[in-house]
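Quick note: the coordinates plus some simple rules give every number you see, no bench work behind them. Bear in mind that the values here come from a model prediction, so they are computed numbers and not experimental data. Note: ideal-geometry Cβ built from the backbone for every residue, glycine included; neighbour counts use all protein chains shown.
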Amino acid sequence: MTKKWNMRKGNSECIAQLSDQLGLSSITATVLVNRGILEVEPARQWLSINSPEVHDPFQMADMEKAVDRLQQAIVQQEKICCYGDYDVDGISATSLYVLFLQQQGALVDFYIPDRKLEGYGLNENAIRRLAGSGVTVLVTIDCGTSSHQEIDLAQALGLDVIITDHHQILGSHPQAFAFLNPQRMDCRYPFKGLCSGGLALKVATAYSLKFGQADVDVKSYTDLAALATVADMVPLQDENRWIVREGLKQMAGSARPGIQALKQTAGIQGICTEGIVAFQLAPTINAAGRLAHARLGVELFTSQLLEDAFPIARQLDGLNRQRRTIEQAVVSEAVNMIDGKDLPGAIVVGDRTWHVGVVGIVASRLVERYYRPSVVVSFNEEGFGRGSVRSVPGVDVCKLLAQCSDLLEGFGGHPAAAGLQVRQEQFSAFRQRMSELAFAAINEEARNPVLHIDAAVALQHVHPQLIGELEQLHPFGMGNPEPTFLGQHVKVLEKRIVGDDHLKLVVRQEGSVPFECMGFRMGAMEHLAGLENSMIDIVFVPEINRWNGMDRVQLRIRDLKVKERPGVSVC
């Protein structure tokens, strides 16, 4: 897919001021300005690791009502159940609630539905079983916002339901005992970007402020909130930056047995970056809910002993390897359905043989390949389908799904990602309408991905000191993209394909030393054959490659254009 390169245009006066007063290179100052940090004090706070931006949790609508009810349940030893989702956000937040409430002396258990048998969110059979087991307080985690019928049933059966969720609110509020969701129009909480892990941390903070014990450190749960925040791709701005920074520090120390076991099983030593969390830890945790049962993730994180955590971590690692094999097969089948045909406004594919546990990640792969909103559905033998939706920037898939609601059994999620249920007899009509709506929502200029570039730099200025400065801007992710630069007129000295179709180059620019470059999943691109001795323009992220005790500067390729080779297309 050809990418459009967009060079950001920073304010030169602001760049010079930040560089001069904060002692930064002009490159780092440019990145700050490109993130909207134009003045010295906000920039100083952005760079500081000791200035958390946290808000009063009692600004959240229904927060006091929720913690008062939890306190009553703890004092009276009522049975509390934490009902979570089966993704990393739900697993991590459920673990946080269980551990925190246990520390307060609560009688608490958890429930996560089976992805294949029950699907996402609350279901009536589970609620009846929980009510029959004596549960009187039900805390929903990463679900509940759209579960009106199920919550009405729970309340009728004598359960006080406390919803903690962050999904979009489509229509009226559910009639729960308490409804904590920063997306509520009447919620005064100033930051709307919390995931359910961050929301769980705020509930624990609020409870501790009002009823807490001196020996309980709520900050000790920040590692779980950080896992959820990175994995759920919420904006890494405001207090999410502090959650992730603090949580990554805790994960580096690995005080929690479950995280220590997970890291050791994956061969991760020392520091944890958001990249390690997003691409190594999170997929392994997610494998529980995809191929087995998400309770394995909660059991891992609530393990008190390393010897109890290791068998679970090894099981999750094996499930993740199995998941990759299944995912590759489904992606291949989906691509065969699409290639050779006119590209529609939205990719909508489904099959009875596909594993429901991989539909979300397959949808993401299709977005990467075709740059279209993508829907992937797994149908059971009765023709009932569960699917996942992933979007492209600027297209709110929840709004599109709302316009297809008469063809769906249910849906919910975020602007960029959602889930749905659809019957096979409605699938063809849904596919056509979804494609038409998506086509209308994407203007012509947005039909190809845009790669934003912070600055053109000379490679001789890319060194460990610069990377050290840029690392102060961590964590990178949604809302704070990693610094990305352009190197022009760069000569390719060597080219190899390594690992799983990764492109490895050695390049040099006039006046620079040679640099190793890695282009992940770029090795199979046929038009990159014969790059040796070519001149290229390269868009890259500078990073330190730590291997066998040695640190070397490496350029991670985001895109490249071949120069001086007439007739060769660009990637």
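Taking amide H positions as placed 1.01 Å from N in the peptide plane, with prolines and chain starts having none, which residues 5 or more places from TRP5, or on another chain, fall under 5 Å of its amide H?
Counting only residues 5 or more places away or on other chains, the set is LEU451.
Roughly what % of DSSP beta bridges within the range 340-447 run antiparallel, to the nearest 5?
Values: 17 of 22 bridges.
Of those bridges, close to 75 percent are antiparallel.
How much FRET efficiency would the formula 1/(1 + (r/R0)^6) give for LYS4 and GLU516, where r is the Cβ-Cβ distance and R0 is 41 Å, rounded to 0.05?
0.90
Among LEU420, LEU306, what is the fewest-to-most ranking by other Cβ atoms within 10 Å? Walk me through the numbers on the way to the answer.
Numbers: LEU420 25, LEU306 15.
Ranked by crowding around the Cβ, least crowded first: LEU306, LEU420.
Quote the charge dipole size of the chain about the Cα centre in Debye, to the nearest 20; the model charges only the Cβ of Lys and Arg (+1) and of Asp and Glu (-1). Walk me through the numbers before you get to the answer.
Working: 55 positive and 66 negative charges, 225 e Å.
The dipole of the chain has a size of about 1080 debye.
Could you tell me the relative contact order of the range 1-48? Use alpha-carbon pairs under 8 Å, at least six residues apart, and round to a whole percent.
So the answer I get is 35 percent.
Once semi-axes √(5λ) of the Cα gyration tensor in Å is worked out from the coordinates, which option in [x] 61, 32, 20; [y] 40, 30, 22; [z] 37, 25, 23 does it equal?
Recomputing semi-axes √(5λ) of the Cα gyration tensor in Å here picks out [y].
Hey, can you grab everything whose amide H is under 5 Å from the amide H of GLY350? Only 5+ residues off in sequence or another chain; H modelled, so Pro and N-termini drop out.
VAL377
Packing-wise, with mean Cβ within 10 Å as the measure, how do 407-416, 236-245 rank, highest first? Show your work: numbers first, answer last.
Working: 407-416: 18.7, 236-245: 22.0.
Descending packing order for the listed peptides: 236-245, 407-416.
Which trypsin sites (Lys or Arg not before Pro) does the range 113-188 hold that lie in a coil by DSSP with at most 13 other beta carbons within 10 Å?
ARG188
Using R₀ = 56 Å, calculate the FRET efficiency as 1/(1 + (r/R₀)^6) where r is the Cβ-Cβ separation of LYS491 and GLU307; round to 0.05.
0.55
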